[in-house]
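Before any comments, here is the structure.
Read the figures in this text as sums done on the coordinates, not as results from a lab. Quantities reported herein were computed from a predicted structural model and do not represent experimental measurements. Glycine also receives a Cβ, built like all others from the backbone with ideal geometry; neighbour counts cover every protein chain displayed.
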Amino acid sequence: MMDLKDKKVFIETYGCQMNFADSEVVTAILGEAGCRRCESAEEADYVLINTCAIRDNAEQRIHHRLRDLRALQQKRRLYVGVLGCMAERLKQQLMIEEENVSFVVGPDAYRCLPEVMKRVTEGAKVAETELSTTETYSDIVPVRLDGNGISAYISIMRGCQNYCAYCVVPYTRGRERSRDAESIVAEARGLFEAGYKEVTLLGQNVNSYRWEDVTFAQLMARVAEISPLLRVRFATSHPKDLSDELLETMAKYENICKCIHLPLQSGSERMLKLMNRRYTPEWYMGRIEAVRRYMPDCSITTDVIAGFCGEEEEDHQATLEMFKKVGYDYAYMFKFSMRPDTYAEKHLKDDVPDAVKGRRLEEIIKLQGEIALKNNRKDIGKTFEVLVEGTSHRSKEQLFGRNSQNKVIVFDRGDVKVGEYVKVRVTDCTAATLIGECVTAQGGRLNA
Ligand code: SAH
Ligand code: SF4
Ligand code: F3S
């Protein structure tokens, strides 16, 4: 059988942070097998597309990309493989629809990749889409791909079994399972020792993390204790089980960032019930009040879906009201997209006309823009500690970074270097960005 030594692999990643973290695991597995990473499909022997299935347009994008790759494949030998959630959802079917795809490997089967990639060189078409109840890749040290060398993702659990009515993730990612705490803390420590300043702990519902007797809050504390110079973030928490223990831990450690992503999905009690979210708007508001009680300076962000099955005008109004009440700092806003095999597809009707979904989404986006601008204006005059991440996209003379609240701040470069912590006083803002001036004395450090 052919060897993979020095074969060039290009990985392209779509979807959520978890997919980005998985691509780093895949890169590690393939590196172990002797493959080399390359930076474009043009120079590759294998192209791996790590895919997302969350909405129909996410899948359409992948179909287009696969068709584009055919031109390259007509010129020379190039194997194309599909990984991730769309691979898991469509399995072999994907290779029937897209003839230029040679292999399909689901999220729990990445250890099979080297074997699969050898087999396809003998003309085989291979689908490995078995889901696991135990795989967490905990022994694999991910190879960091988007290398600013400052901020990294750490996957702490896999899968989801909340079965929200609209959502495909439980079918593409399998049962929920937590990764052992020791390996997570060791990975975070390794990153800090390699110069990283920020880690984000990832899971679909981090609040239900549990390894032996370690809760998510305890895990956060252990990671935070590695060093006060290591910032710790996490995503995503489900409102139904956001615990006071976690809020208390967040408040206690200065280096745990004051930012919570708490997906609302809808402000209507009736819709939340249909969505199987298992909380009411009242419960949600209670959690928001708890966040504010423990951390008055915490930012709150959300996800929302416009036009879910049976959504009436008054349900939509309830969502707008909720947005006003909470005053989100940022929101990811989506039009509902019916997904195959979900509860919604089997039992509900996608009955909100597309134009109505679109109009409701626009109303949410417009409102959220106003709220974000108002929130940012309240930051003018305040001074924040900022972790500097890079040069501003607008001007070489400016740097950008984020504060603990995860807001982007742009400021004049001066003597500041990427990767440093600096104090920045906010002087102006837009709805998306804070603008400020660095007020750190030379050599200034965190909490100094
Ligand atoms: N685990 C996270 C969400 C992961 S998916 C949580 O429960 O909060 C990210 C977001 O995509 C969801 O929060 C939801 O707002 C959106 N989404 C999921 N399925 C969708 C669908 N079928 N149509 C539109 N948006 C969807
Ligand atoms: Fe999907 Fe709900 Fe699981 Fe989030 S919690 S991944 S929305 S099923
Ligand atoms: Fe997409 Fe899968 Fe993430 S469906 S959002 S890549 S878990």
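More than 15 angstrom separation, counting every C-alpha pair in region 383-441; what % is that? Here the long-distance tail beyond 15 Å is 34 percent of all Cα pairs in region 383-441. Of the GluC sites (Glu not before Pro) found in region 1-109, those that fall in a DSSP loop while having at most 14 other beta-carbon atoms within 10 Å are Glu39, Glu99.
With helices as the sole contributors, the chain gives -10500 deg cm²/dmol at 222 nm; each DSSP H run of n ≥ 4 counts as -39500 (n - 2.57), and the sum is divided by every residue. The local environment of Tyr79, defined by Cβ-Cβ distances under 10 Å, has a net charge of +1 under the rule Lys, Arg +1 and Asp, Glu -1. Spread over its residues, the convex hull of the C-alpha atoms of the chain is 152 Å³ per residue.
By the beta-carbon count within 10 Å of each Cβ, the least crowded to most crowded order of Phe234, Phe323, fewest first, is Phe323, Phe234.
Hey, which lysines would be in cross-link range of Lys423, C-alpha to C-alpha under 26 Å, not counting anything within fewer than 8 residues on its own chain? Within reach: Lys197, Lys252, Lys258, Lys374, Lys378, Lys382, Lys396, Lys407. Whole angstrom only: what separates the Cα centroid of region 9-45 from the Cα centroid of region 70-113? So the two Cα centres are separated by 14 Å. Computed extension gain for Arg425 through Glu212, at 0.36 nm per residue and net of the alpha carbon distance, reaches 72.3 nm. Coupling constants for region 301-318 follow from the phi torsions by the Karplus curve (6.51 cos²θ - 1.76 cosθ + 1.60, θ = phi - 60°), and in residue order they are 10, 8, 10, 9, 10, 9, x, 5, 3, x, 5, 9, 4, 5, 5, 4, 4, 5 Hz; glycine and proline get x. Residues whose amide H lies under 5 Å from that of Gly174, counting only those 5 or more places away or on a different chain, are Cys160; hydrogens are built 1.01 Å from N in the peptide plane. Neighbours of Ser132, meaning other residues whose beta-carbon lies under 11 angstrom from its beta-carbon, give a summed charge of +2 when Lys and Arg score +1 and Asp and Glu score -1.
Comparing Cα centroids, region 356-370 and region 242-288 end up 22 angstrom apart. For region 33-130, the dipole from Cβ point charges (+1 on Lys and Arg, -1 on Asp and Glu) about the Cα centre works out to 220 debye, to the nearest 20.
Remark: Thr133, Thr302 ranked as Thr133, Thr302, counting other beta-carbon atoms within 10 Å and listing the fewest first. The phi torsions of region 92-100, fed into the Karplus equation with coefficients 6.51, -1.76 and 1.60 and a -60° offset, translate into couplings of 3, 3, 4, 7, 7, 5, 10, 5, 7 Hz, rounded to whole numbers, with Gly and Pro shown as x.
Net charge near Ser337, counting Lys/Arg +1 and Asp/Glu -1 over other residues with Cβ under 10 Å of its Cβ? For residues surrounding Ser337, the net value is +1. Annotation: amide H-H contacts under 5 Å for Tyr153 (H modelled 1.01 Å from N, sequence separation of 5 or more, or interchain): Thr200. The stretch between Lys75 and His63, if pulled fully straight at 0.36 nm per residue, gains 2.3 nm over its current Cα-Cα span.
Checking every one of the trypsin sites (Lys or Arg not before Pro) in region 57-156 against DSSP loop status and a limit of 11 other Cβ atoms within 10 Å picks out Arg76, Arg77. Placing +1 on each Lys and Arg Cβ and -1 on each Asp and Glu Cβ, with no other charges, gives region 161-294 a dipole about its Cα centre of roughly 520 debye.
Each residue of region 64-77 was assigned a 3J(HN,Hα) from its phi angle through the Karplus expression (A = 6.51, B = -1.76, C = 1.60, θ = phi - 60°), giving 4, 4, 4, 5, 4, 5, 4, 4, 5, 5, 6, 7, 7, 5 Hz with x at Gly and Pro.
Counting only residues at least eight positions apart within a chain, or on another chain, the lysines with an alpha carbon under 24 Å from that of Lys75 are Lys5, Lys7, Lys8, Lys118, Lys125. Less than 5 angstrom separates the built amide H of Lys7 from those of Arg36, all sequence-distant by 5 or more or on a different chain. Listed from fewest to most Cβ neighbours within 10 Å, the set Ile371, Ile380 follows the order Ile380, Ile371.
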